[in-house]
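Remarks on the structure that follows.
Please treat every number below as a calculation from the coordinates, not as lab data. No experiment lies behind these values; they were computed from the predicted model shown. A quick note on method: Cβ atoms are made from the backbone with ideal geometry, for glycine too, and the neighbour counts reach across all protein chains shown.
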Amino acid sequence: MKKFLFNLLIFISLSAGAQRTFYGVGQYAGSIGYFSIGVGVTSKKQKAHHELLFGHTPKEFGGPLDKLTYKYSWYPFSIKLSKHSDFYPINPTLFAALNFGDRFGLQQSYKKYDHDYYWWSPGLRFHGGINMAFSTTSLFKKTKTIFYLEANTNDRYITTYYDNTGNMGLGDLFYLGLGIKVMPKRNN
């Protein structure tokens with residue numbers, strides 16, 4: 001696990017480029033915990049966002065559950081709304097969420113289920129999704145704040161949906177999250 005985290009941090013640092021911007025990020029829901037906080041780094045042109053988040057779900061909301069998530073989001077273009085705000089309508093995102101706890105191993109659980117029934121790891125989920133975002137610059141032009149709404153699904157949700165077509169709706173396949181990113185404003 002330590003080697004994985006070390007390699008992940010090296011990857012984030014190298015892929016961010018020479019003029020990277022570090023920032024804080026927080027998210028409510030969205031498959032990575034009831035609430036999560038973390039750090040991120042952007043690429044030179046701030047189109048690629050790499051984030052490492054720690055999420056927690058309390059017992060009263062289905063936990064206790066802790067997660068570590070690496071998230072990559074790409075912001076291909078923006079629409080200028082005003083001098084201090086932009087809208088990012090379509091931003092693909094990919095992430096891997098690692099569940100912590102005794103009941104979440106990285107190996108498939110063939111002891112309890114048939115070999116081809118439960119093929120995914122209970123401890124690791126691979127997600128794909130899309131978000132839309134709105135950014136604004138602070139009054140003093142020192143920070144940029146990005147608010148986003150994200151919809152995502154994962155390997156297990158898609159497989160379950162496929163196996164239960166007709167018994168599940170799209171609400172069972174996609175999950176929503178709300179987030180905020182606060183970063184220092186870079187003068188370009």
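In this structure, the residue pairs whose Cα-Cα separation is over 27 Å, taken from Lys59/Lys185; Lys67/Lys141; Lys47/Lys80; Lys45/Lys71; Lys80/Lys141; Lys45/Lys142, are Lys59/Lys185; Lys67/Lys141.
Extension gain, Val182 to Lys141, is 13.5 nm, computed as 0.36 nm per intervening residue step minus the present C-alpha separation. With a Förster radius of 41 Å applied to the C-beta separation of Ile130 and Lys59, the computed FRET efficiency comes to 0.85.
Ranked by the mean number of other Cβ atoms within 10 Å of their residues, highest first, the peptides 159-168, 127-136, 82-91, 49-58 fall in the order 49-58, 127-136, 82-91, 159-168. With R₀ fixed at 41 Å, the C-beta to C-beta distance from Thr165 to Val39 puts the FRET efficiency at about 0.55.
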